[in-house]
Amino acid sequence: MPKERALDWIAKNKELIIEISDTIWGYAEVGLQEFKSAGLLVDELEKGGFTVEHGVSGMPTAFVASYGSGTPVLGIMGEYDALPGLSQKSVPHREPLKEGAPGHDCGHNIHGTSGMAAAIAVRMVLEAKKIPGTIKFFGCPAEETLVGKVFMIRDGLFQGVEAILSHHPGMFNVAGLGSSNAMNSMKFHFYGRASHAASSPTDGRDASDAVELMNIGVNYMREHVVQEARVHYVTEDGGHEPNVIPPYARSWYYVRAPERDQVEQIYEWVLDIAKGADIMAQTTHKVEFLTGCYNTLPNRCLSELVTKNMREIGAPTYTERELSWAAELNKSLTAVQKREWLRRSKRPNWEELMDVLVDRSIPDPWDEGEKGGGSTDVGDVSWNTPTLEFTTATGILGTPDHSWQFAALSGMSIGHKSLLFAAKAIAASILDLFTQPGLLGKARKDFLERTKGKEYRSPLPPDLKPPLNQLEPYPE
Ligand SMILES: [Zn+2]
């Protein structure tokens with residue numbers, strides 16, 4: 001059986017696969033600086049028989065690896081960027097690997113590696129069984145800043161791909177049907193005039209006043225936009241000393257809402273508010289558009305396929321040692337935190353999971369029509385081709401995303417088991433898509449129903465380049 005051969009390959013190579021994931025976990029490189037992480041994945045894919053196009057879409061750490069020819073063309077996506085500031089050892093208490101350094105607090109070391117391992121396993125089978133078609137692995141940088149895939153989509157790199165799978169470490173083993181928020185990210189640079197704040201205030205025009213007035217305007221706007229919208233900001237530069245009227249100030253905004261057109265409406269309003277702030281503070285400003293993305297479209301056919309394969313493979317089991325490690329980590333989460341986390345998940349009968357550390361069940365998805373608060377550039381891919389991103393249990397129930405706890409779990413054996421389980425589920429599902437005519441048509445039909453009457457337009461201005469130095473590499 002083709003599938004068994006792929007699963008065997010993953011089982012036989014598990015030490016290598018875990019080593020790659022752990023090495024990327026140790027590198028913990030932030031978005032668009034993932035040179036060593038992408039390099040490691042590329043090396044393995046090349047060794048595994050793939051032809052790799054490096055540095056696609058103007059991003060040195062983005063790549064597309066391909067094997068085979070003709071149709072069908074199927075894809076797997078992998079991410080490998082870390083988050084700034086939350087470095088963590090793989091121990092069940094807070095202890096940074098390197099104080100202040102980035103960490104894999106979203107488990108993208110596993111994300112990239114599960115997809116890579118599955119791609120190589122699929123390629124082995126395609127060759128051995130002479131199955132026609134093309135398998136592509138998309139190396140997608142900077143998911144956390146929503147940069148990688150949205151640029152790759154704008155450049156047409158996903159064109160012709162008939163279905164695409166990706167895996168994200170999570171708390172449940174589930175091929176969900178929920179969605180995420182569409183989003184725009186932009187900075188406002190305000191310019192005023194410096195002067196002594198006490199001896200010559202009448203000469204100055206305060207750029208940080210404009211930042212504050214703009215924030216106030218946006219906070220009054222909130223009442224009049226859809227309730228699900230999320231608008232948040234930070235002041236990146238608000239001046240330096242109180243006795244100098246700041247000639248320059250800068251804020252960074254995210255605008256999120258369930259649908260792309262809602263984001264665009266709110267974004268236009270926010271732009272008007274910035275103009276209003278200029279009138280009030282007698283400043284000028286410039287808008288720097290960083291990126292945007294769509295909400296995610298689920299796919300029922302792909303969800304059913306991945307669920308079936310996860311069940312055939314079976315969820316990992318955990319040793320006593322792993323469970324006592326998890327129990328130790330669990331002490332860092334309060335019962336209230338865990339209860340609210342489970343309630344928010346809306347999983348049916350979530351109360352029964354209060355005493356469970358790592359979930360071993362593989363439930364049917366319960367979240368069709370539900371929206372998570374966050375955003376991902378997987379959304380843009382899902383508007384262009386049938387797409388599914390599923391999760392396998394990496395964290396103990398109640399672990400917040402983007403936390404030191406998640407980084408610790410992503411670098412130890414519970415994370416390793418979720419990685420191997422996910423790689424097998426991807427490989428088996430992709431091989432089903434290659435060998436079972438009809439599945440792709442079903443996935444496409446679902447995709448066409450969800451996109452009917454709606455057109456995907458890249459959120460990015462045509463001349464926008466990826467912000468290559470938006471995040472600084474952490475000094476060695
Ligand atoms: Zn993530």
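The values are calculated or read from the model by the stated rules, or taken from the named source; none is laboratory data. No experiment lies behind these values; they were computed from the predicted model shown. Every residue, glycine as well, gets a Cβ built from its backbone with ideal geometry; the counts of neighbours run over all protein chains shown. Keep in mind that these areas ignore ligands, DNA and RNA; they rest on the heavy atoms of the full protein, side chains included. Shrake-Rupley method; radii C 1.70, N 1.55, O 1.52, S 1.80 Å.
When both segment 369-426 and segment 134-190 are represented by their alpha-carbon centers, they are found 12 Å apart.
Helix 35-47: angle to the longest alpha-carbon principal axis of the chain, degrees 0 to 90, nearest 10? With both axes taken from Cα atoms, the answer is about 20 degrees. For a straight C-alpha distance cut-off of 14 angstrom, the aspartates and glutamates reachable from Lys331 (same-chain residues fewer than eight places away being disregarded) are Asp355.
Our summary gives the chain a relative contact order of 24 percent, counting only alpha carbon pairs under 8 angstrom and 6 or more residues apart.
Site pair His402 and Thr202 shows an inter-label distance of 4.6 nm when each label is modelled 7 Å from Cα along Cα→Cβ.
Considering the zone a paramagnetic label at Lys98 would reach in this model (a point 7 Å from Cα along the Cα-to-Cβ line), which residues of segment 439-476 have amide N under 14 Å from it? Counting backbone N atoms under 14 Å from the label point, the list is 472-476.
Taking 7 Å steps out from each Cα toward its Cβ at Arg343 and Lys445 produces label points 4.1 nm apart. What shape does segment 303-403 have by the C-alpha gyration tensor, where a ≥ b ≥ c are the square roots of the eigenvalues, rounded means a/c under 1.5, and otherwise prolate means a/b greater than b/c and oblate the rest? It comes out prolate by the Cα gyration axes. Which of rounded, prolate, oblate describes segment 348-476, given a ≥ b ≥ c as roots of the alpha-carbon gyration tensor eigenvalues and a/c under 1.5 marking rounded, otherwise prolate only if a/b is larger than b/c? Oblate is the answer for segment 348-476, as a/c is 1.5 or above yet b/c matches or exceeds a/b. Between Glu389 and Ser166, the built amide H atoms are under 5 Å apart, and every one of these is 5 or more places off in sequence or on another chain.
When you count the other C-beta atoms within 10 angstrom of each residue and take the mean per peptide, 412-421, 350-359 line up highest first as 412-421, 350-359. For the peptides 175-182, 51-58, the ranking by packing is 175-182, 51-58, with the highest mean count of neighbouring Cβ atoms within 10 Å listed first.
For the Cα atoms of the chain, what angle does the longest principal axis make with the long axis of helix 439-451, in degrees from 0 to 90, nearest 10? Helix 439-451 sits roughly 20 degrees off the main axis of the chain.
Measuring nothing but how far apart in sequence close Cα pairs (under 8 Å, 6+ apart) lie, relative to its length, segment 376-423 scores a relative contact order of 35 percent. Per-residue ellipticity at 222 nm, computed for the chain from helices alone with -39500 (n - 2.57) per DSSP H run of at least four residues, works out to -12500 deg cm²/dmol. Taken over the C-alpha atoms, segment 113-189 has Rg and Dmax values of 16.1, 58 angstrom.
Computed from label points 7 Å out along Cα-Cβ, the spacing between Asp367 and His224 is 3.4 nm. Computed from the Cβ-Cβ distance with R0 of 22 Å, the FRET efficiency linking Thr317 to Glu19 stands at 0.50. Normalised radius of gyration (Cα atoms, divided by 2.2 N^0.38 Å) for segment 256-306: 1.81.
For segment 246-334, the calculated P(r), taken from all Cα-Cα distances in 5 Å bins from zero up to the bin holding the longest distance, is 3, 9, 11, 10, 8, 8, 10, 10, 9, 8, 7, 5, 2, 0 percent.
Remark: segment 245-258, residue by residue, has Karplus-estimated 3J(HN,Hα) of 5, x, x, 9, 8, 9, 10, 10, 10, 10, 10, 10, 7, x Hz, where x stands for each Gly or Pro and the curve is 6.51 cos²θ - 1.76 cosθ + 1.60 at θ = phi - 60°.
Label zone of Gln282 (point 7 Å out along Cα→Cβ, amide N under 16 Å): in segment 212-245 this covers 245.
Derived scalar couplings between HN and Hα for segment 223-231 equal 4, 10, 10, 4, 4, 6, 5, 10, 10 Hz in order, rounded to whole Hz, by the Karplus curve 6.51 cos²θ - 1.76 cosθ + 1.60 (θ = phi - 60°), x for Gly and Pro. Between rounded, prolate and oblate, where does segment 9-162 land on the alpha carbon gyration tensor, with a ≥ b ≥ c its root eigenvalues, rounded for a/c under 1.5, else prolate if a/b exceeds b/c? Because a/c hits 1.5 or more and a/b fails to exceed b/c, segment 9-162 counts as oblate. Across segment 44-127, the mean sequence separation of Cα contacts (distance under 8 Å, 6 or more residues apart), normalised by length, yields a relative contact order of 26 percent. Highest mean packing comes first when the peptides 78-87, 328-337 are listed by Cβ atoms within 10 Å, giving 78-87, 328-337. Straight-distance candidates among the lysines for linking to Lys14, with alpha-carbon spacing under 24 Å and chain neighbours fewer than 8 residues away dropped: Lys3, Lys36, Lys47, Lys89, Lys129, Lys136, Lys308, Lys417, Lys424.
Principal axis analysis of the Cα atoms in segment 152-198 yields extents of 63, 32, 16 Å, listed in decreasing size.
Tilt of helix 260-281 relative to the longest C-alpha principal axis of the chain, in degrees (0 to 90, nearest 10)? For 260-281 against the chain, the angle is about 20 degrees.
Over the chain, accessible surface divided per residue gives 42 Å², non-protein components excluded, 1.4 Å probe. Compared with the rule-of-thumb size 2.2 N^0.38 Å for a compact globular protein, the chain has a Cα radius of gyration ratio of 1.02.
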